[in-house]
Amino acid sequence: MLALTGLVGVSFALRLLAGLAKPSMIMVPDEYLYFALSRSLAFSYEPLIRGHNEHYFSLAFPLLSAPLWAFGDAELVYKLIQALNALIASLAAVPVFLLARELRLRATARLGVTALALALPGLALASYISTDVLGFTLCLCALLAAVRALDQPTPRRLALFLGFAALASFARIQYVVLFPVFLLAWGLIDPRAIYGLLRRHLIASAAIVAALAAILIGIGLHSLLGYYKGVLNFGIRPLDTARWIAIDALVLTYAVGAAVVPGALVGLAVSLARPRRRLERAFSLFVLLFLLSLLAEAALFASNITNEVEERYMFVILPALGISFALAIERGRRLALAVSGVAAVVLVALLRFPLTAYDEINHVTGSPFLRGVLWLHQRFGPGEAALLFTTVAAGLLLLGTLAFILPRLLAPIAIAGAIAFAGSFSVLATLQTNARSQMAARTYLPKDFDRIDDLVSKPVGLVVTVGTPGPLADELMLWNQSIGDPINLPGSETVDRYGRRSGTIAPDGRLLVDGKPWRGPLLVSDYASQAELQDAHRLLHGLTSDLWQPHAEARFELMSKGLYFDGWLAPDGTTTVWPSPNGHLRGTLEIELTLPSDVRSERINVKTPWSVDRVRLTPGHSSKVSIRLRGTRSVNILVRSNRIVSLSDGRFVIAQARFRLVKAAHFKANAASITNR
């Protein structure tokens, strides 16, 4: 037990340090969802998202983290929740160790498989504000309880399984498959026992079924599933689903360290066919059925919704594979031939299907292991990265096979190799996650990002301009409770499904929200559209958003759509200037255009309602266009080019630009002048 305590302590310290290096969320919308629910449960005792009722079944993690809001503000609570997650992830060692002891593994094997469970890449999710690690630990407890209940189905053991399975499902709805898997396993092991139990407790069983049916009808299946209600519309695509099952199985093989997989599969088959005890058959049957159900679930999600590997739904089964490997080793050399055959098949699959084909940056959200693959891919290239980890995995497969020939010598080394491989990718996944999180914080969050609640006394309107990515809005709403439903301007991206308001800019520059003028503070996104307000004080300035306090009705003065936060101008950039509150448009719009030294010369056209001015841009130089404005209506200025530049991050631009409005009282005529520097 002292060694187990040490493993938990070391895991907690490492996971906590990893979490502290992750300053902002990157899993959208999950992290925002759970953080908002936690805050709402703490202050209003209701599961609300920006005041909207969220009928969501998986509330275990928000309920568990809600008391932490008593200790401070959002930034502190964010870190406390990460610490809580690190502890929960580390406590997963306890059910793994107890299950290994229940199966009578040797002391060194128990510690080995426990360490392997703590090294899994999936536990990199401990730094996220999500329910994944809570579901992982509770599901392992349910797995332990299920095996013990299948071995001896006493009322106490059955109740313990039902309790842990309910808690695991309450944490992550996907684990509701624990119930049918248990019933199926029980029926296959001992169908007479189920018949006898139902016969003895017919009235109680009928009452439970009726109560569950009443709850389901009363709440409604759509409400019960909450965010996952889309599963009711899933289509069955056999070929696509089978393809994703194969991909998911391949990822799980890598994620658990490869060395244990062939032996684990053979061990499960042997324990099922020729168990030494009923407990072994219960373990192998439940694990196989649970593995198949998780693969089917993840494949259905991938083929219908996400189009990516959902490792976070499946990695809970990996500790059982480590236990099965250790269990098979105890049977000795007679399994070596079968393990060699399975290892050969697995090796062919690893060589035939390189994982670098599935590690696209926008499609690794659900797979921490593929995040590690992406880290290697970005630094060494896809070919070298694939060769590196495939070669190591092949060596581990060979080591895991030879362990059945020399079990005393090589079995501990094989488990240690699996721990090292899985742990390495856990570290790589953490590095990739933290790097993206830090970049997101630098890009999306203004200085003092969590002070908006302190700077204003009224609800804040978040204006989502054209080109604003959803994660930016989620980040700002995560840290500040005063921000209400986003205000979407025409053409902007819908942030989430929890509520939005329609915003338009009137011909005189006033912001109309659902048809009414807005008078409160405004947080305006400047990611891809730079804006200035009239008769307003800027309270907070950030790289991609500004907080404004209008003195009266919120009124825009200038907006450059397609002008990014770093100065690059999109090909369809349009700048609008609105008249002042007295109804007159007076001033000069100065446009400074620049090309970096590594970009070829190009011709820029600046189109106004009166003329089209042509500017020749040369690399390393800038040109300035001054446009005099007058009248009583808003004016649109278009900047176009004969050539489009593609940036490394995928954006298409034409030049770097800066727009500046200089006010003046009177002008004799409309004119435009071009000055080259």
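Considering the stretch 587-601, the residues that are closer than 15 Å to Trp568 by Cα and charged (D, E, K, R) include one that is nearest to the chain's Cα centre (by Cα), namely Asp598. Residues that are touching a residue at least 60 places away in the same chain (Cβ under 8 Å) and surrounded by 12 or more Cβ atoms within 10 Å (Cβ to Cβ) within the stretch 634-651 comprise Ser634, Asn636, Ile637, Leu638, Val639, Arg640, Ser641, Arg651, listed in sequence order. Applying the criterion of at least 2 residues that are at pLDDT 90 or above and under 21 Å from Leu178 (Cα atoms) to the helices (runs of 4 or more DSSP H) found wholly in the stretch 218-324 leaves 238-255, 261-273, 278-301, 311-314.
For Arg408, the test of being closer than 28 Å to Leu105 by Cβ and modelled with pLDDT under 90 is passed.
Residue-wise test of (1) buried (at least 22 other Cβ atoms within 10 Å of the Cβ); (2) within 21 Å of Ala441 (Cα to Cα); (3) touching a Phe, Trp or Tyr at 6+ places or on another chain (Cβ under 6 Å); (4) not basic (Lys, Arg).
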position: Leu540; (1), (2), (3), (4): no, yes, no, yes
position: Leu547; (1), (2), (3), (4): yes, yes, no, yes
position: His551; (1), (2), (3), (4): no, no, no, yes
position: Phe556; (1), (2), (3), (4): yes, no, yes, yes
position: Gly567; (1), (2), (3), (4): no, yes, no, yes
position: Thr574; (1), (2), (3), (4): no, no, no, yes
position: Leu585; (1), (2), (3), (4): no, no, no, yes
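Among the residues making up the stretch 577-626, those that are under 12 Å from Ala655 (Cα atoms) and either small (Gly, Ala, Ser) or not assigned by TED's automatic domain parsing to the domain that holds Leu661 (or both) are Ser597, Ser601, Gly620, Ser622, Ser623.
Of everything in the stretch 500-512 that's under 28 Å from the mean Cα position of the chain (by Cα) and outside any loop (DSSP other than H, G, I, E, B), which residue is surrounded by the fewest Cβ atoms within 10 Å (Cβ to Cβ)? Once the filter is applied, the top-ranked residue is Ser502.
If the condition is being buried (at least 23 other Cβ atoms within 10 Å of the Cβ) and hydrophobic (A, V, I, L, M, F, W, C), then the stretch 513-530 contributes Leu522, Leu523, Val524, Ala528.
Residues in the stretch 69-79 that are surrounded by fewer than 16 Cβ atoms within 10 Å (Cβ to Cβ) and of a type in the set (A, V, I, L, M): Ala70, Leu76. Scanning the stretch 657-677 for residues that are in contact with a Ser or Thr (Cβ under 6 Å, 6 or more places away or on another chain) and either at pLDDT below 75 or not assigned by TED's automatic domain parsing to the domain that holds Asp598 (or both) yields a total of 3. Applying a threshold of 6 Å to beta carbon distances and a minimum spacing of six or more residues, or different chains, the list of pairs starting in the stretch 347-367 at a residue that is among the acidic types (Asp, Glu) and ending at one that is outside any loop (DSSP other than H, G, I, E, B) reads Asp359/Leu370; Asp359/Val373; Asp359/Leu374; Asp359/His377.
Taking the listed residues Ala554, Ala536, the one that is under 26 Å from Gly491 (Cα atoms) and in contact with a His (Cβ under 8 Å, 6 or more places away or on another chain) is Ala536, with no other qualifying.
Only one entry of Arg281, Arg334 meets the criterion of being free of Cβ contacts under 8 Å to residues at least 12 places away in the same chain and of a type outside the set (A, V, I, L, M, F, W, C), and that entry is Arg334.
Among the residues of this structure, Ile654 does not count as one that is crowded, with 17+ Cβ neighbours inside 10 Å, β-branched (Val, Ile, Thr) and at pLDDT 90 or above. Residues in the stretch 457-499 that are buried (at least 18 other Cβ atoms within 10 Å of the Cβ), of a type in the set (D, E, K, R) and either touching a Cys at 6+ places or on another chain (Cβ under 6 Å) or not in a helix (DSSP H, G or I) (or both): Asp485, Asp496. Of everything in the stretch 448-490, what is farther than 15 Å from Ala74 by Cβ, of a type in the set (D, E, K, R) and in contact with a strand residue (DSSP E or B) (Cβ under 7 Å, 6 or more places away or on another chain)? Give them in sequence order. Residue satisfying the conditions is Asp485 alone. The single condition among (1) surrounded by fewer than 16 Cβ atoms within 10 Å (Cβ to Cβ); (2) more than 23 Å from Asn434 (Cα to Cα); (3) at pLDDT 90 or above that His55 does not satisfy is (3). Residues being under 24 Å from Tyr313 (Cα atoms) and either assigned to a helix (DSSP H, G or I) or in contact (Cβ under 8 Å) with a residue 12 or more places away in the chain (or both) are represented in the stretch 393-400 by at least one member. For the stretch 252-307, filtered to residues that are among the aromatic types (Phe, Trp, Tyr) and in contact with a Leu (Cβ under 8 Å, 6 or more places away or on another chain), the residue that is farthest from Leu99 (Cα to Cα) is Tyr254.
What are the pairs, 6+ residues apart or on separate chains, where a residue within the stretch 163-175 that is basic (Lys, Arg) has its Cβ under 6 Å from a residue that is surrounded by 24 or more Cβ atoms within 10 Å (Cβ to Cβ) and part of a helix (DSSP H, G or I)? Correct list of pairs: Arg172/Gly135. It is to be established whether one or more residues within the stretch 392-402 are among the β-branched types (Val, Ile, Thr) and within 30 Å of Pro23 (Cα to Cα). Looking for residues that are among the β-branched types (Val, Ile, Thr) and within 30 Å of Pro23 (Cα to Cα), one finds none in the stretch 392-402, hence no.
The values are calculated or read from the model by the stated rules, or taken from the named source; none is laboratory data. Only a predicted model underlies this, so the values are computations on that prediction, with no experimental measurement involved. Glycine also receives a Cβ, built like all others from the backbone with ideal geometry; neighbour counts cover every protein chain displayed.
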